[in-house]
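Asker: I have a structure here, written as structure tokens, and I will follow up with some questions on it.
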Amino acid sequence: MKLLVTGGAGYVGSVVTALLLKEGHEVTVLDDLSTGHRDAVPDGARLVVADLHEASDVLDPSVEAVLHFAGKSLVSESVRSPGLYWRTNVSGTLALLEAALCHGVRRLVFSSSAATYGEPASRAPLRETDPAVPTNPYGATKLAADHLLESWSQAYGLGAVSLRYFNVAGAFLGFGERHETETHLVPNLLKVAAGESEHARVFGTDYPTPDGTAVRDYLHVADLADAHLRALEHVRPGAFRVHNLGTGGGHSVREVIEAVRRVTGRPVPVVDSPRRPGDPAVLVAANDRARRELGWEPVRTLDRTVADAWEFARREER
Ligand code: UFG
């Protein structure tokens, strides 16, 4: 297929672009390089450096589908600078949808987030039908974009699939995570293992979980990328569908620290710290819908995820 990938210079966008190219698709990447990296765009993809609001200049009727990754994704930044989040994640998505409508592009796969659910009412795995009550502007803008897609689907027959990612980590096909401001647990722990930071911080040790630290559903980016290809095959004009993407199992922060020690064979000193404001105790995906409807099955373990992230981080260093 001839595809447009927005945000293809970012972490997940670059991995999915590499997989799409490997599968024989033709890819144009639209990225403003505000957080992405030019050299993260896989060879074989055409890069257009532009803002989402300029999508109309980049799209044309020969594009068969859009994979929309471009967006701002830091919770704390969204609290400090909500305008940036509403402008990029919502106004930018609206501009993209208007361009798609104008050029007759009828299929879109969207990069959404578990942040749309906010603080879950229970610790049971989250279903797509559970209430979505975001607790920060990042989650609110991702949910607003979901609503935008749904209304576009109903009014104009857009086919859209919104993929709600839980905690993504790891690397695949030579592409991985390279955030300037790194807030995520796995890369922060790997920096300690590599000797680049003295210690990592454990945010919260008094959660109502077995070891007191927060539990998350860590998904290998290769399994995540596979779900995007399946979504692309399943997306049908006129239909809008949300899918949770997670393994269905949770690991505590302490378990992830142990995995990093085990995989790297390095010491990883940690300092217990207060909770990070707004972090729920447990966030785990119920992934039955993606399994059933997309035929998706996440297969990689936490150790494999950490090992691939470690290999990528080491390669970046050389
Ligand atoms: N954590 C630490 N130390 C760190 C970093 C994180 O203890 O240095 C803890 C966090 O408090 C949390 C867990 O590790 O309990 C995972 O934190 P991440 O920052 O890696 O990921 P989040 O669960 O906060 O964020 C993910 C996505 C976001 C999304 C959010 C929804 O990365 O995009 O889930 O809640 F918004």
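Only the coordinates and a few stated rules stand behind these numbers; no lab work does. All of these numbers come straight from a predicted model, not from anything done at the bench. Cβ atoms come from the backbone with ideal geometry, glycine included; neighbour counts cover every protein chain shown.
Asker: If you count the DSSP beta bridges with both ends in region 178-318, what percent of them are antiparallel, to the nearest 5? All intermediate terms of the calculation are to be shown ahead of the outcome.
Answerer: Working: 2 of 8 bridges.
Bridges in region 178-318 that DSSP calls antiparallel: roughly 25 percent.
Asker: Hey, for a label at Val48 modelled as a point 7 Å past Cα toward Cβ, could you say which residues of region 87-124 have their backbone N under 20 Å away?
Answerer: Answer for region 87-124: 88-111.
Asker: Another one. With a cut-off of 8 Å between alpha carbons and a minimum separation of six or more residues, what is the relative contact order of the chain in percent? Provide the component values of the computation, followed by the final result.
Answerer: Working: 688 pairs, mean separation 59.6, N = 318.
It rounds to 19 percent for the chain.
Asker: Show the residues, 5+ positions off or on another chain, whose built amide H is closer than 5 Å to the amide H of Leu67.
Answerer: When sequence neighbours closer than 5 places are left aside, the close amide H contacts are Leu4, Val5, Thr6, Val109.
Asker: Rounded to a whole number of µm²/s, how large is the Stokes-Einstein D of the chain at 10 °C and 1.306 mPa s, given Rh as the Kirkwood radius over C-alpha pairs? Write out the running numbers ahead of the final one.
Answerer: Details: Rh = 19.7 Å.
After rounding, the answer is 81 µm²/s.
Asker: Among Thr135, Thr213, rank each residue by its count of other Cβ atoms within 10 Å, from fewest to most, as a rough exposure measure. Don't skip to the answer; put the middle values down first.
Answerer: Details: Thr135 17, Thr213 23.
Ordered from fewest to most neighbouring Cβ atoms within 10 Å, Thr135, Thr213 come out as Thr135, Thr213.
Asker: Once you have the Cα-Cα distance between Ser151 and Ser91, take 0.36 nm times their residue separation minus that, and quote the gain in nm to one decimal. Working shown, then result.
Answerer: Details: separation 60, 0.36 × 60 = 21.60 nm, distance 1.47 nm.
Contour length minus Cα-Cα distance gives 20.1 nm.
Asker: Additional query: For the chain, set up a GNM with springs between Cα atoms under 10 Å and report which of Asp223, Asp39, Asp146 has the largest fluctuation.
Answerer: It is Asp39.
Asker: Find the Cα radius of gyration of region 104-145, compare it with 2.2 N^0.38 Å by division, and give the number to two decimals. All intermediate terms of the calculation are to be shown ahead of the outcome.
Answerer: Details: Rg = 12.2 Å, N = 42, 2.2 N^0.38 = 9.1 Å.
Output field value: 1.34.
Asker: Let me ask something additional. Please work out how much length the chain gains when fully extended from Ala239 to Asn188, using 0.36 nm per residue of separation minus the C-alpha to C-alpha distance, in nm with one decimal.
Answerer: Details: separation 51, 0.36 × 51 = 18.36 nm, distance 3.90 nm.
Separation in residues times 0.36 nm, less the Cα-Cα distance, equals 14.5 nm.
Asker: For a quick check, take a GNM of the chain with Cα springs below 10 Å and name the residue from Gly170, Gly139, Gly104 with the largest mean-square fluctuation.
Answerer: The residue that fluctuates most here is Gly104.
Asker: Which order do the peptides 200-211, 150-161, 10-21 take when ranked by the mean count of other beta-carbon atoms within 10 Å per residue, highest first? Before the final figure, lay out the partial values.
Answerer: On the way: 200-211: 15.7, 150-161: 18.3, 10-21: 26.3.
With the highest mean Cβ count within 10 Å placed first, the list reads 10-21, 150-161, 200-211.
Asker: Can you tell me the length gained on complete extension of the stretch Val299 to Arg275, counting 0.36 nm per residue apart and subtracting the Cα distance? Walk me through the intermediate numbers first.
Answerer: Working: separation 24, 0.36 × 24 = 8.64 nm, distance 3.09 nm.
Additional length available on full extension: 5.6 nm.
Asker: If we count other beta carbons within 10 Å of each Cβ, what is the order of Arg107, Arg164, Arg262, fewest first? Before the final figure, lay out each step's value.
Answerer: Numbers: Arg107 22, Arg164 25, Arg262 12.
So the residues, fewest neighbours to most, are Arg262, Arg107, Arg164.
Asker: Which ³J(HN,Hα) values, rounded to whole Hz and listed in residue order, are derived for region 26-37 from phi using the Karplus coefficients 6.51, -1.76 and 1.60 in 6.51 cos²θ - 1.76 cosθ + 1.60 with θ = phi - 60°, glycine and proline given as x?
Answerer: 9, 10, 10, 9, 10, 8, 8, 6, 6, 10, x, 10
Asker: Would you mind checking which residues have amide H under 5 Å from Ala214's amide H? H placed 1.01 Å from N; only 5 or more apart, or other chain.
Answerer: It is Val253, by chain and number.
Asker: For the chain, modelled as a Gaussian network with Cα springs under 10 Å, which listed residue fluctuates most, Gly265, Gly250, Gly92?
Answerer: Sorting by GNM fluctuation, first place goes to Gly265.
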